[in-house]
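The values are calculated or read from the model by the stated rules, or taken from the named source; none is laboratory data. These figures come from a predicted structure and were not determined experimentally. Every residue, glycine as well, gets a Cβ built from its backbone with ideal geometry; the counts of neighbours run over all protein chains shown. Surface areas here come from the heavy atoms of the whole protein model, side chains and all, with no ligands, DNA or RNA. Shrake-Rupley method; radii C 1.70, N 1.55, O 1.52, S 1.80 Å.
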Amino acid sequence: MKRILLYVIVALSTIVVQAQQLRDGHFFKTFSDGQPTAQAAPALFDQWFSLPEGTEWREVSRQTDNIGMERIEYRQYVSGIEVEYSQVLLHVRDGRVLSANGTVMEQRRTPAKLQRHSIMHRGGTPTDLLGRKLLLIDTDNGYRYATMCISADGRYKVYHDMETGEELKRVPTMHSVAPPDGTAATMTGKSIYSGDLTLDVTKGTDGMYYLYDRQRNIHTVVGGYLPTYEDLLKTGKAFDYFPRYDLTDEDIQNEDEEKITDWLVQVYLDLAKNNQPGFVQYIKDYRYYAPNQSDTWTAYHLNSLTLSDVKFGLEENSYLLFTFYYSQGTEETTSYGKLWSGKAEQVNASIDFKKLNKIVIVPTEGATLVVSLITNVKDEETQQINQDEKVLEVVPLPLSPTGTAFDAQGQNMKIHLEYEANASTPLADIHWGMGRTLDFYKEKFNRDSYDNNHAPVYNLVYMDDSYKSFTACPLDNAMALGKCEPYPMIYGMGGEEMNPVVELTIMAHEFTHIITDQNAKLEYVAESGALNESFSDIMGISVKKWCNPSYQPWYIGGDGLMVGYSNMRDMRNPRNSNDGKEGWLCPGYYQGYDWLDTSDMENDNGGVHTNSGVQNRWYFLLCDGETFDNSYYVEGGKPYSMTGIGMDKALQIVYRTLMQYATSQSQYADIRLCHIQSAKDLYGDNSAEVQAVIKAWDLVGVTDGTPTGIVEAEANSQLSTLNSPLSNWYTLDGRLLEGQPTTKGIYIYHGKKVVVK
């Protein structure tokens, strides 16, 4: 990375900086009449901000967009240590800076000093004694030196104080595999939500069809169970799934504790760097295979399963885990062929698994049916269990394309299975839908995959209801592992609240999370997290309407995804989300009706899926316009009328903001300014498009006077002016205070970060 030296001398007299100065770390500046050059601008940073001693700025990225503007990103370092989330974005045309925005750590919040440990430098990067990279992070006790790693379940970035080892905070995180050999082909598959589809697949050299789209580099893989690192270590499989480095078979056989410990440190360093090397091997072990007759998919829908004549009981704190495996013609079943599992709380004369109508499996010739008993349940809510598993039955599973039922008598039970042949399969939805999503990004933004360099896209079909894996994805959910390379998307196969979570808006939504994590990196908490969600919703509905121009609703998760409801979220009317179900409504106005307290981190990370409704409604208004009454969304609201600019123009404004202006800590007030600037870049300063962007933001309550979500107060003085109830003060990690804060630091009050000086 290029170092920018701060001794460059620049004449300041001709520079005119328009309003929008630094606001508690957040800033947005525009320039006219003698804009600084891109080369000279970094020397001005210490004029713009009150910077800590030892600050330097390093250029980390530079890119040119489709209208010829350059985006240059700088990161702040203090005494050689990176300040997380502190960044300045310069927007340049013809070598001159037109605007700048970002988030900066200033002098008044200087970091604590390291007391006991000396800093080491490995490869030029400051580290602790174990070689872990050091960061300066914002906490409720000011900026602290910390290390970051990915939690064992892959769901969080976890930060630890470098001095004490104390966990300071955790932030939710929401692959290169050798594809099958063969040639490009097509096959017909019956989908859940979109009827019969033509799928781009690969016909292998073995004559079988595989869910690998060679042109778009899409991999759809059957199975989604990824065991935790600890699971692998207990079973000895970790040595197979992670790089060996210098560890030999002899070291493992001799249980050489010192060498294994050294190896563990190296593996954890890989995890801390987000490399997650095990994912590659996991995916290789799954199956691309799509059972077929000629070029038509053959799928089976399991309708019901009943066990009778059982000759076993359940011990206390145990349950029956019923699991389908397939073996592809071999005698031995394997967990990599796991297709579905469910449980029964007790065993009596008859057990009926009633939720099988949500599950579609893809058995192959010679498949088997396995019933296993797992004991010693630790935590019923999280389903964390000890692996004390007893296999009770292994029986053939002779499903027939012409049959509807199957009976088998085993030693321990009688099995009755009813099924539908030639049924729809969610794998068809996934494989087709991801292809449409990539085509949309290519046509609208000339973007090729999430990295814009044809990176492979991995879809994992998640059919296990266990919560003890890397994915930790319930069946009523879908997710993108945007922090874990190679960034797979996980799709649950449905449960009590949802049918298979593979509707088109959901897939485009999840894919956009990966793009956001690669670029704007909007932190997945509070307002920045709500914006993260909203950008994904915007692209989700846009892909849907692009594929089907006659589609009228503005639903995320429509077309029968939700059990008993028409939608998951309604972007036109966020208060109609889940058909207006109590507790699921989203706000259509900033801090208006149904706005969720962003300080409550235990409630959806501060309402990221709820408060997204504000930008969602803004996007609808910008596209289509509306005549309505805002009193529906906020107390004292008034009637309004607005004309939209159409989705094509609105899309370009949104995408430009996401790629060029949004930062990891952007709040609603920041994004308003970013969208306005994007519209100016594309359509001109005084264009109708700019005026429409402004009006739409005004209508959803994000105005010129909207705060950034961060305020300042002096301890024991200005705090009293906030009139704060005792129950409304929290630390950044979500701990409730017993009264007002008495020490300096950063706290959460009514959803706003409060800097106590």
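Take ARG62 and tell me if it is within 28 Å of MET148 (Cα to Cα) and either modelled with pLDDT under 85 or open to solvent by less than 30 Å² (accessible area, probe 1.4 Å) (or both). Walk me through how you get there before you give the answer.
Values: within 28 Å of MET148 (Cα to Cα): yes; either modelled with pLDDT under 85 or open to solvent by less than 30 Å² (accessible area, probe 1.4 Å) (or both): no.
The answer is no for ARG62.
Out of all the residues in segment 501-514, which are open to solvent by less than 10 Å² (accessible area, probe 1.4 Å) and over 30 Å from TYR85 (Cα atoms)?
VAL501, VAL502, GLU503, listed by residue number.
If I go through segment 33-50 residue by residue, how many of them are open to solvent by 30 Å² or more (accessible area, probe 1.4 Å) and over 21 Å from ILE671 (Cα atoms)?
Keep residues of segment 33-50 that are open to solvent by 30 Å² or more (accessible area, probe 1.4 Å), which gives 33-35, 37, 39, 46-48, 50.
Checking which are over 21 Å from ILE671 (Cα atoms) leaves us with 33-35, 37, 39, 46-47, 50.
Residues flagged as open to solvent by 30 Å² or more (accessible area, probe 1.4 Å) and over 21 Å from ILE671 (Cα atoms) within segment 33-50 amount to 8.
May I ask you to say which residue of ASP517, ASP600, ASP594 is open to solvent by 10 Å² or more (accessible area, probe 1.4 Å), of a type outside the set (S, T, N, Q) and in a helix (DSSP H, G or I)? Lay out the reasoning, then the answer.
Values: ASP600 fails: in a helix (DSSP H, G or I); ASP594 fails: in a helix (DSSP H, G or I).
Every option except ASP517 fails the conditions.
In segment 545-557, which residues are within 15 Å of GLY433 (Cβ to Cβ) and either surrounded by 24 or more Cβ atoms within 10 Å (Cβ to Cβ) or within 19 Å of the chain's Cα centre (by Cα) (or both)?
Result: ILE556, GLY557.
Which one is nearest to SER678 (Cα to Cα) among residues in segment 86-95 that are of a type outside the set (A, V, I, L, M) and touching a Gly at 6+ places or on another chain (Cβ under 9 Å)?
ARG93
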